[in-house]
Every structure is written in structure tokens, then in C-alpha cells.
Amino acid sequence: MKKSSQQQEHKPQKQTAAKRIELGVAEIRNLVTEFLDQETAGRLSPILAKAQRTLVKKGIDSSLATDIVQTLDINSSMSNEEIQKNMMNELIRRLPEVVPPSNRYSMEPTVIALVGPTGVGKTTTIAKLATKYWLQQGRSVAFITADTYRVAAVDQLGQYAKLFESKMEVAGTVEQMEEAMEASQSADIILIDTAGRSAIDGDRIQETSNILKVANPTETHLVLSAASSRTATKKAADGFASTGYDRVIVSKLDETEMLGEMISTLCALNKPLSWFTDGQDISMHFDLARPSKLVESLWAQDRPITR
């Protein structure tokens, strides 16, 4: 027994050491990547190097910026506007496609679930979706909240349900989700709100995934805040993979000062875009995603490139 106790005492230390090694390897990998990016950028022609630096200053990941400018057909005889247009077109080309909303003539309820980190605006986005479908399209909606951790979230969704003359069910477990889905089958659109999770809390995210499997959503949207860093959005994209999300909503576009970081994340994702939000008003600031809008907004945040 004594030996077993000693092994248990040493186990956390071994795990901590392993974690340090993992972080050290990741740091070295990032440094090597950064060095190689700088080496590659250093071999660019002056006009391409200028274009690359412009993208990086706008928040575009350095590797992506280098890759983009290497595909551009630009030269020193071009005007600043022509060079800018080339860069913008290439960014638009690299952003994900846009998936259209659900078919309003479907005979079965469309089940729409939102997942994502805490604070990205999922509950407000649920209300915006309800406005779109109920007020603008005349389709009946039902609300289900799987966020039983925050009383305020349940109350908020309950207020929205009253506003839209709709049902609201609370489903914090698999069994409760089965009952909630059964009670909501008469609605055209079933909107499911989930608890915000830390992107590195795999157990909690898996809990959400298990509850959503029962609902079998038609659409599962990962909500990413444009106000978050590239590191945070990448962690969210990776961390919520187990939920099976199949499209992305970009929220809080009105709160970001470095849109290039979000664009870099989206370019690396193999998931289509669905909606953009840029304000708290549930009846406004909610539009079908447009990659061109992101890129145009990126340039609107600063002056065009100059030589």
C-alpha cells in the first residue's frame, strides 16, 4: 500500500512535467514557424514584402499573409488601389463559403443549436434568429435552453419566449432534452441555446455534445466573437469539434479592433459561414454572412497601403 501511495503522490508531478514539456515543444514549434515565416518574407520582392507587411499590420497571420502575397500577380507598375484590390480578392477567395438558411417549406421542424465559449453572445443571437424566422418569415418558433448553469440565461430566454409567443423548455440532461424535443415538435423552428464552455474544458463540452445528440440538430452553429483574439477563436474552433458544428456565426463585429485575426481563423477553418452579428438589438444587426463584408471592413479600419 505504501508503494501505491508514493506512486499516487508522484503522478501529479509526472503530469505537470509532461505538461511543461508539451508547452515547451509548442513554444519551440511556434518560434521555428515564426522564424521560417520571416525568412520566407525576407526573400519576397520589395512590392510583395510591402504587401505582406500591410496584411500582418491588419492582424492577418504572418504565414497566411506570406502565402497570400506569393499568389498575387502584382508588380511595381500597379497603383496602390490595384494592389489593394488584388489582396482583397485573394482574401475573399480564401474565406469559407456561405451556407444558406433553412428551407422555409420544410415539412419537419428545423432544429438549430448554438454552441460556443462563454460571452460570445449565443443567447442574444438566438433571439435574433427568432426575430428573423418569426417576425420576418411568419414561422413559429420554440426555445430550448441547455444552459442550466446560469439562472440569468434561463430568465433571458424565457423573456424572449414570451415576446415571440412561444414555448420554452429547459433541458440540462439527456432525459430532459428528449422531453423538450417532444414538447416542441409543433414548431417550425426549434432554437437550442447551450451553456458557454471554456474551449479547454473537454468534459463540459462533451456533456453539451451528449445532450445535443438527442436533439439531432438540423444545424449546429459555432458562435465566435470577432472581439476575441486569434488564439482564443482557434481554441474554440478546435475545442468544440466534438459538438459536430457544421457552420459558423461571427458575432460582435462592432466590437473588434483587429478584424484580421478573425479572418485568419476563418481562413483556416473548413466550415461554412452562416450569419454575422454586429450589435445587441435583437431586431437589427443580423445578416447573412458575406466574406466580402469582412474584407471590406478590414480595410475600412485603416488607410489603404501607401508606398
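With hydroxyl-bearing (S, T, Y), assigned by TED's automatic domain parsing to the domain that holds L135 and touching a residue at least 60 places away in the same chain (Cβ under 8 Å) as the only criterion, which of T220, T173, T231, T265 stands out?
T220
Answer yes or no: is there a residue in segment 100-110 that is part of a helix (DSSP H, G or I) and either within 22 Å of the chain's Cα centre (by Cα) or at pLDDT below 95 (or both).
No, because not a single residue in segment 100-110 is part of a helix (DSSP H, G or I) and either within 22 Å of the chain's Cα centre (by Cα) or at pLDDT below 95 (or both).
Within 16 Å of I68 (Cβ to Cβ), in a helix (DSSP H, G or I) and not assigned by TED's automatic domain parsing to the domain that holds V69 - does that describe any residue in segment 297-307?
Scanning segment 297-307, I find at least one residue that is within 16 Å of I68 (Cβ to Cβ), in a helix (DSSP H, G or I) and not assigned by TED's automatic domain parsing to the domain that holds V69, so the answer is yes.
With respect to S228, determine if the residue is among the small types (G, A, S), within 11 Å of the chain's Cα centre (by Cα), part of a strand (DSSP E or B) and buried (at least 22 other Cβ atoms within 10 Å of the Cβ).
For S228, the condition - among the small types (G, A, S), within 11 Å of the chain's Cα centre (by Cα), part of a strand (DSSP E or B) and buried (at least 22 other Cβ atoms within 10 Å of the Cβ) - is not met.
Looking at segment 273-295 only, could you name the residues that are in contact (Cβ under 8 Å) with a residue 40 or more places away in the chain, assigned to a strand (DSSP E or B) and within 12 Å of V248 (Cα to Cα)?
Within segment 273-295, L273, S274, W275, T277, L288 meet the criteria.
So, in segment 269-285, of the ones that are modelled with pLDDT under 95 and touching a helix residue (DSSP H, G or I) at 6+ places or on another chain (Cβ under 7 Å), which residue ends up surrounded by the most Cβ atoms within 10 Å (Cβ to Cβ)?
I282
Before we move on, is E207 free of Cβ contacts under 8 Å to residues at least 24 places away in the same chain and in a helix (DSSP H, G or I)?
In short, yes.
Going through L64, L48, L129 one at a time, which residue ends up being in a helix (DSSP H, G or I) and under 18 Å from the mean Cα position of the chain (by Cα)?
Only one candidate qualifies: L129.
The values are calculated or read from the model by the stated rules, or taken from the named source; none is laboratory data. Computed from a predicted structure; not experimentally measured. Note that we place each Cβ from the backbone using ideal geometry, even for glycine, and neighbour counts take in every protein chain shown.
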